[in-house]
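In what follows, a structure is listed as structure tokens, so that the remarks can point back to it.
Coordinate-derived values only; no laboratory data. From a predicted model like this one, the values you see are computed outputs, not experimental measurements. Cβ placement follows ideal geometry from the backbone for every residue including glycine, while neighbour counts extend to all protein chains displayed.
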Amino acid sequence: MKLKVHDGIKKLVPYDPGKPIEELQREMGLTRVIKLASNENNLGPSPKAIETLKKAVYKTHRYPDGSCYYLKHKVAEKLGVTPQHLIFGNGSNEVIELLMRTYLQPGDKVIYGEPSFIVYRLISMAMAIEGVGIPLKGLTHNLEAMAQAVDGQTKMVFVANPNNPTGTMVTHKEVISFLEKLPLEVIVVFDEAYIEFVDRPDFPQLLPLVLEEKRPIVLMRTFSKIYGLAGLRIGYGIAPPQMVDYMNRVRQPFNVNLLAQEGAIAALDDEEHVEHSKALVREGKAFLYPELKKMGLEYVPSETNFFLIKVGDGDKVFKELLKKGIIVRNMRGYGLPEYIRVTLGTHEENALFLKALKEVLAT
């Protein structure tokens, strides 16, 4: 069979999510596996969301609300925007894809940090868009270099803030200076998937700029991280209503499932769970950072629920930790072969990871 596939898709490598925990346990004869690889909330979902989902399951013979009406109004009220400023997707990944499909075409250029969230590059390749990765500076977005890379073909710029996989952030002052250097017609997307974990007062406050509509600015948010709903796949974008209107013309009907919508509504009401999740991350850093210093290991202080540790041969350490039932993220695919990325878990999980890491590095 002969198939015609454009070159961008031919070059793509399918995302490897790794084996299910249960399969890893079976293959390696492990009684317990701790997953610290995907920046999930190891505290679990909101208890309020769980109770809501138990009831919502009896509605799953019905199609979901195609407009996310109730969730949209709840988020709009929480943020102080109109429902017309919001678009929801099957994870923020889908919203990113909708954005790029709506506003880009072959011949256009997209700029993003390198390394950063890999989806920007993958969708660019699939759409035959030129993706330009600007190397980080000190493992943080180099906004100056990104602004200098913008030319007449540049239609969109992505800034993951805080950045994945490094956990670093750019400040409000730096972002304002960056925006002033860009042409007004360039769409600037700030991916704020981890915003709820940030405690710093100099984090960019960009919602007022979206509402001003002086330039096309889009903010990305998700329920996968602090809200603990990664398995339901739901995220959203905040953008000027005119932009959202065009994106909704591309969006498929019923793209966000019923359980995701109801779970997200309940999770928004559970502020106690959000605060507990933040505290868990703070406690994890307070425990692990000093211990890593004692071991003589470099790490990258993070504004998120994960961080990088420089271990030498990251691939080897990743594989050896796997044998001990600890799943972390290998950073070789991100161009950081000396590092592993570790999600902060419960105190017990963090302690078991530390013990396993000491054993692996001692061999």
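Within the range 205-220, is there a residue that is in contact (Cβ under 8 Å) with a residue 40 or more places away in the chain and under 28 Å from G284 (Cβ atoms)?
Yes, that holds for at least one residue.
So that you can scan it fast, the table gives a plain yes or no per residue for (1) in contact (Cβ under 8 Å) with a residue 60 or more places away in the chain; (2) farther than 16 Å from G335 by Cα; (3) not small (G, A, S):
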{"site": "D108", "(1), (2), (3)": "no, yes, yes"}
{"site": "Y112", "(1), (2), (3)": "no, no, yes"}
{"site": "L122", "(1), (2), (3)": "yes, no, yes"}
{"site": "A128", "(1), (2), (3)": "yes, yes, no"}
{"site": "V132", "(1), (2), (3)": "no, no, yes"}
{"site": "M146", "(1), (2), (3)": "no, yes, yes"}
{"site": "G152", "(1), (2), (3)": "no, yes, no"}
{"site": "M156", "(1), (2), (3)": "no, yes, yes"}
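Sort through H85, H61, H73 and tell me the only one that's over 21 Å from the mean Cα position of the chain (by Cα) and surrounded by 11 or more Cβ atoms within 10 Å (Cβ to Cβ).
H73
Could you check L207 against (1) within 22 Å of the chain's Cα centre (by Cα); (2) of a type in the set (A, V, I, L, M, F, W, C); (3) under 23 Å from N39 (Cβ atoms) and say which number it fails?
So L207 meets the others, but not (3).
Against the conditions (1) in contact with a Gly (Cβ under 9 Å, 6 or more places away or on another chain); (2) part of a helix (DSSP H, G or I), where does G333 fall short? Just the number, please.
Unmet for G333, out of (1) in contact with a Gly (Cβ under 9 Å, 6 or more places away or on another chain); (2) part of a helix (DSSP H, G or I): (1).
State the number of residues belonging to the range 239-273 that are of a type in the set (A, V, I, L, M) and closer than 24 Å to T52 by Cβ.
Qualifying residue count for the region: 9.
Could you run through the range 270-292 and say how many residues are over 22 Å from the mean Cα position of the chain (by Cα) and over 12 Å from L354 (Cβ atoms)?
Final tally of qualifying residues: 2.
Restricting the range 171-200 to residues that are in a loop (DSSP other than H, G, I, E, B) and among the hydrophobic types (A, V, I, L, M, F, W, C), which is surrounded by the fewest Cβ atoms within 10 Å (Cβ to Cβ)?
L184
Restricting to helices (runs of 4 or more DSSP H) lying wholly in the range 1-84: which have 3 or more residues that are among the acidic types (D, E)?
Those helices (runs of 4 or more DSSP H) span 21-28.
Does E22 satisfy being within 27 Å of F307 (Cα to Cα) and over 23 Å from the mean Cα position of the chain (by Cα)?
Considered against the rule, which asks whether it is within 27 Å of F307 (Cα to Cα) and over 23 Å from the mean Cα position of the chain (by Cα), E22 comes out as yes.
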